[in-house]
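Visitor: Sharing a structure below in C-alpha cells format, with a few things to ask.
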Amino acid sequence: MIKYLKEPAKNVPIDGVFDICVVGGSCTGLFAAVRAARLGAKVAIIEKQNCFGGVATNGLVNVWHSLYDIKGEKQIIGGLTYEVIERLKKRKAVENIGGKKTGNFILNTEELKIELDELAKEADLKVYFHAFFVAPYIEDGKLKAIFIETKSGRKAIMARMFIDATGDGDLCTSIGVPYTLPDKKQPPTTCAKIYGLHKLDRNEFTDLIVKHHEEFQLEKDWGWGGRIPDLSEITFHAETHVFNVNCTEADDLTFSEIEGRRQVRAYMDIIRRYRPDINPVLVSLSSYIGIRETRHLSCAYRLTEEDILYGKRFDDAIANGTYPVDIHHEDKKGITFKRLDGSQEYSVRGEPSVISRWRDDDGYTPFYQIPYRCLIPNTSFDNVLACGRMIDADKGAYGAIRVMVNLNQTGEAAGVAAFLAIKDNLSVKNISTEKLRNTLKEGGSIII
C-alpha cells in the first residue's frame, strides 16, 4: 500500500499585504497586533478558533493574577492587561478577589470575548478567524508570506514582519528555529463551568474525590476552582490533568480532548452518586484543552529559574511579574510552588501540604522581569519574533512566566518591536531596546 500522496501544485491567491502578520489570537497575540496597529502599522491576525483570548476564553481560565509586586506597594503590570480590566469593570465582568492590590482578578470570559473583539475593531485589524497556519513562503532566503487555510480555501498573507503567537511555535519551527520539548511536560487540563457545586464545601468536594477517584478511573491528582463575577451559582473548575501526552502530536491532542472531557464527567459523577442532593449540571466545557507546556524555542536568551527567584534585572526588560514558580508534575502527582517570599509548597489533593523554604536567608524578591532577548528566535530570518508560552525559558522560569498577565506583556513587546523594526529599517535583532522600552511606556506599559 502506498504511504504518501503528492498534493498537486496550485496557485494560491494573495489575500492581503501587511506590515505585520500575527499568527495566533490569544490575548498575547491580539495585544501584539493592537499595540502595533496603534502605532500606525497595517496588521493581520490569524486565529484558528472563533474568537480571541486563547486559554482565557476558549480554555475558560478566568483568572488574571496581581498587577502589583508581592508587597502590594508598586504596580508592575499595566498596558493592555490593565486597560482590558478597566473596560470589563464597566459591565461588572471582572472582580478583584479580596479587593487587595496583591489579589487576583476573576473574569467573565464571555464578556472578555466581546471586549477583545472591540479592541480588534478599534485598531482596524484584518482578522482571520477559523484560519489555520499551513506553511511559510520563503523566497531568496527571506520569509515573505505565510499560507493559511480558511473556510474559503487556501490563502497567502504577505507581510514585512511576522509574530508567532501560536503557543506551540508553529511558525518558528516551520522555518527551522531550534526548540526543546521537555521529557516531563506540565500536563494539560480540561476546564468546565458547572452549576450546583457552589452548594458543596470545597473540603467536602476534595474528600469525595480522594475517596472515590479510583472507582471513576481518576488519578488522585490536584486541582482548583473558583467563582465567576456576579454569577454565584456557576463555578469554574480545573480539577484534573491528562498525563503523559505531547499536545504537538495530533493523536495525543485528540486523546487529550476526549480524556479531559471524560474526567470532568467522572468527578461530576462522583458527586452525583455520593451527594445526589447536589445534582451538578454541566454548563460549558472548554472548546480547546488548556495546554500548559509544549515546545520551548531557542532564542537569544534563555530565562532561568535563578533569574526569576532572585529577580535579576535586565536592561532590555519588557515585562514584569510576581506569579510563583508553579510546576504541575507529570512524573508524580501534585504541584510545587516556589514563591518569591522564599517559601516552597508541595501539594497533592487530600494530603497535608509540605511547606519548606527554597531560600536559605530571610530575603524576598518583589518581582522579576522578562528580557526582550527571550522573544528573538535563533534563526537567520530577521523579521520574525515570538511571544507567549514558547519563548525561551528553563523549567523553573517557565513555571512562573507562563501565566496570562506575564505573557500578555510579551505580546505587547513583540508588536511594538516589530513596528520599530519596520520604522527604522532594522532587523528585529538590532532595534534599540531603549527605544522599545520607551515606546512601550508611552503606550501604557509599566517599564522598570
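To keep it simple, each residue is scored yes or no on (1) without any contact (Cβ under 8 Å) to a residue 40 or more places away in the chain; (2) not assigned by TED's automatic domain parsing to the domain that holds Leu60.
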position	(1), (2)
Asp168	no, no
Gly176	no, no
Leu197	no, yes
Asn203	yes, yes
Trp224	yes, yes
Pro229	no, yes
Thr235	no, yes
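Visitor: Follow-up question, since we're still on this one. Could you please find all residues in region 403-441 being among the polar types (S, T, N, Q), part of a helix (DSSP H, G or I) and within 18 Å of Asp315 (Cβ to Cβ)? Lay out the reasoning, then the answer.
Guide: First pass over region 403-441, keeping only residues among the polar types (S, T, N, Q): 406, 408-410, 425, 427, 430, 432-433, 438-439.
From what's left, part of a helix (DSSP H, G or I): 406, 408-410, 433, 438-439.
Of everything in region 403-441, those that are among the polar types (S, T, N, Q), part of a helix (DSSP H, G or I) and within 18 Å of Asp315 (Cβ to Cβ) turn out to be Gln409, Thr410, Thr433, Asn438, Thr439.
Visitor: Where in region 330-390 are there strands (runs of 3 or more DSSP E), lying fully within it, with 2 or more residues that are out of contact with any Ser or Thr (no Cβ under 6 Å at 6 or more places or on another chain)?
Guide: In region 330-390, the matching strands (runs of 3 or more DSSP E) lie at 335-338, 354-357, 368-371, 384-386.
Visitor: Quick check on Ser256: is it crowded, with 16+ Cβ neighbours inside 10 Å, among the small types (Gly, Ala, Ser) and at pLDDT 95 or above?
Guide: Numbers: crowded, with 16+ Cβ neighbours inside 10 Å: yes; among the small types (Gly, Ala, Ser): yes; at pLDDT 95 or above: yes.
Considered against the rule, which asks whether it is crowded, with 16+ Cβ neighbours inside 10 Å, among the small types (Gly, Ala, Ser) and at pLDDT 95 or above, Ser256 comes out as yes.
Visitor: A further question follows. In the list Gly334, Gly290, which residue meets the criterion of being closer than 27 Å to Thr410 by Cβ and small (Gly, Ala, Ser)?
Guide: On the way: Gly334 fails: closer than 27 Å to Thr410 by Cβ.
Exactly one residue qualifies, and that residue is Gly290.
Visitor: Another question about this same structure. Kindly provide the set of residues from region 72-125 that are assigned to a helix (DSSP H, G or I) and polar (S, T, N, Q), ordered by number. So that I can check it myself, show each step before the final result.
Guide: From region 72-125, those assigned to a helix (DSSP H, G or I) are 79-89, 97-99, 109-122; that's our starting set.
Of everything in region 72-125, those that are assigned to a helix (DSSP H, G or I) and polar (S, T, N, Q) turn out to be Thr81, Thr109.
Visitor: Next question. Look at region 90-128 and say how many of its residues are of a type in the set (Val, Ile, Thr), under 14 Å from Gly25 (Cα atoms) and touching an Asp or Glu at 6+ places or on another chain (Cβ under 8 Å). Steps first, please.
Guide: Kept after step one, since they are of a type in the set (Val, Ile, Thr), are these residues of region 90-128: 94, 97, 102, 106, 109, 114, 127.
Narrowing further to those that are under 14 Å from Gly25 (Cα atoms): 114, 127.
Okay, now just the ones that are also touching an Asp or Glu at 6+ places or on another chain (Cβ under 8 Å), so 127.
Residues that pass the stated criteria total 1.
Visitor: Give the residue that is surrounded by the fewest Cβ atoms within 10 Å (Cβ to Cβ), with candidates limited to residues of region 136-153 that are among the small types (Gly, Ala, Ser) and in a loop (DSSP other than H, G, I, E, B). Walk me through it before giving the result.
Guide: First, the residues of region 136-153 that are among the small types (Gly, Ala, Ser): 141, 145, 152-153.
Right, trim to in a loop (DSSP other than H, G, I, E, B) and you get 141, 152.
Details: Gly141: 7, Ser152: 11.
For region 136-153, the residue satisfying everything is Gly141.
Visitor: On to the next question. For residues that are in a loop (DSSP other than H, G, I, E, B) and hydrophobic (A, V, I, L, M, F, W, C), scanning just region 265-298, find the one that is surrounded by the fewest Cβ atoms within 10 Å (Cβ to Cβ).
Guide: Filtering region 265-298 for residues in a loop (DSSP other than H, G, I, E, B) gives 275-280, 286-289, 291-295, 298.
Then drop every residue that is not hydrophobic (A, V, I, L, M, F, W, C), which leaves 278, 289, 291.
Details: Ile278: 18, Ile289: 24, Ile291: 23.
That would be Ile278.
Visitor: Next question, about the same structure. Mind telling me which of the residues Cys191, Cys172 ends up being over 29 Å from Phe381 (Cα atoms), among the hydrophobic types (A, V, I, L, M, F, W, C), touching a residue at least 60 places away in the same chain (Cβ under 8 Å) and buried (at least 17 other Cβ atoms within 10 Å of the Cβ)?
Guide: Details: Cys172 fails: over 29 Å from Phe381 (Cα atoms).
Exactly one of Cys191, Cys172 is over 29 Å from Phe381 (Cα atoms), among the hydrophobic types (A, V, I, L, M, F, W, C), touching a residue at least 60 places away in the same chain (Cβ under 8 Å) and buried (at least 17 other Cβ atoms within 10 Å of the Cβ), namely Cys191.
Visitor: Do we find a residue being under 30 Å from Asn425 (Cα atoms) and outside any strand (DSSP E or B) anywhere in region 154-166? Write out each step before concluding.
Guide: Taking region 154-166 first, the residues under 30 Å from Asn425 (Cα atoms) are 155-166.
From what is left, the residues that are outside any strand (DSSP E or B) are 165-166.
Taking every residue of region 154-166 in turn, at least one turns out to be under 30 Å from Asn425 (Cα atoms) and outside any strand (DSSP E or B).
Visitor: If only one of Val55, Val34 is outside any loop (DSSP other than H, G, I, E, B), of a type in the set (Val, Ile, Thr), buried (at least 24 other Cβ atoms within 10 Å of the Cβ) and over 15 Å from the mean Cα position of the chain (by Cα), which one is it? Full working, then the answer.
Guide: Values: Val55 fails: over 15 Å from the mean Cα position of the chain (by Cα).
None of the others qualify; the one that does is Val34.
Visitor: Looking at Lys441, Lys435, Lys423, Lys395, which one is out of contact with any Ser or Thr (no Cβ under 7 Å at 6 or more places or on another chain), surrounded by fewer than 18 Cβ atoms within 10 Å (Cβ to Cβ) and within 17 Å of Ile308 (Cα to Cα)?
Guide: Details: Lys441 fails: within 17 Å of Ile308 (Cα to Cα); Lys435 fails: within 17 Å of Ile308 (Cα to Cα); Lys423 fails: within 17 Å of Ile308 (Cα to Cα).
Checking each option against the conditions leaves just Lys395.
Visitor: Against the condition assigned to a loop (DSSP other than H, G, I, E, B), more than 30 Å from Thr248 (Cα to Cα) and touching a helix residue (DSSP H, G or I) at 6+ places or on another chain (Cβ under 9 Å), how does Ile447 come out, does it pass?
Guide: Working: assigned to a loop (DSSP other than H, G, I, E, B): yes; more than 30 Å from Thr248 (Cα to Cα): yes; touching a helix residue (DSSP H, G or I) at 6+ places or on another chain (Cβ under 9 Å): yes.
For Ile447, the condition - assigned to a loop (DSSP other than H, G, I, E, B), more than 30 Å from Thr248 (Cα to Cα) and touching a helix residue (DSSP H, G or I) at 6+ places or on another chain (Cβ under 9 Å) - is met.
Visitor: Quick check on region 279-288. Is at least one of its residues without any contact (Cβ under 8 Å) to a residue 12 or more places away in the chain and more than 19 Å from the chain's Cα centre (by Cα)? Before the answer, list the steps.
Guide: First pass over region 279-288, keeping only residues without any contact (Cβ under 8 Å) to a residue 12 or more places away in the chain: none.
Among the residues of region 279-288, not one is without any contact (Cβ under 8 Å) to a residue 12 or more places away in the chain and more than 19 Å from the chain's Cα centre (by Cα), which makes the answer no.
Visitor: Can I ask one more? Note down all Cβ pairs under 9 Å where the first residue falls in region 44-72 and is not assigned by TED's automatic domain parsing to the domain that holds Gly103, the second is of a type outside the set (Ser, Thr, Tyr) and at pLDDT 95 or above, and they're at least six residues apart or on different chains.
Guide: Within 9 Å, no pair qualifies.
Visitor: Name the single residue, out of those in region 14-31 being assigned to a strand (DSSP E or B) and crowded, with 24+ Cβ neighbours inside 10 Å, that is nearest to the chain's Cα centre (by Cα). Outline the logic, then answer.
Guide: Within region 14-31, the subset assigned to a strand (DSSP E or B) is 14-23, 26.
Now narrow it down to the ones that are crowded, with 24+ Cβ neighbours inside 10 Å: 20-23, 26.
Values: Ile20: 21, Cys21: 19, Val22: 15, Val23: 14, Ser26: 7 Å.
Filtering region 14-31 for residues that are assigned to a strand (DSSP E or B) and crowded, with 24+ Cβ neighbours inside 10 Å, the one nearest to the chain's Cα centre (by Cα) comes out as Ser26.
The values are calculated or read from the model by the stated rules, or taken from the named source; none is laboratory data. Since the structure is predicted, the reported quantities are computational estimates derived from the model, not experimental observations. No Cβ is skipped: glycine too gets one built from the backbone with ideal geometry, and neighbour counts run over all protein chains shown.
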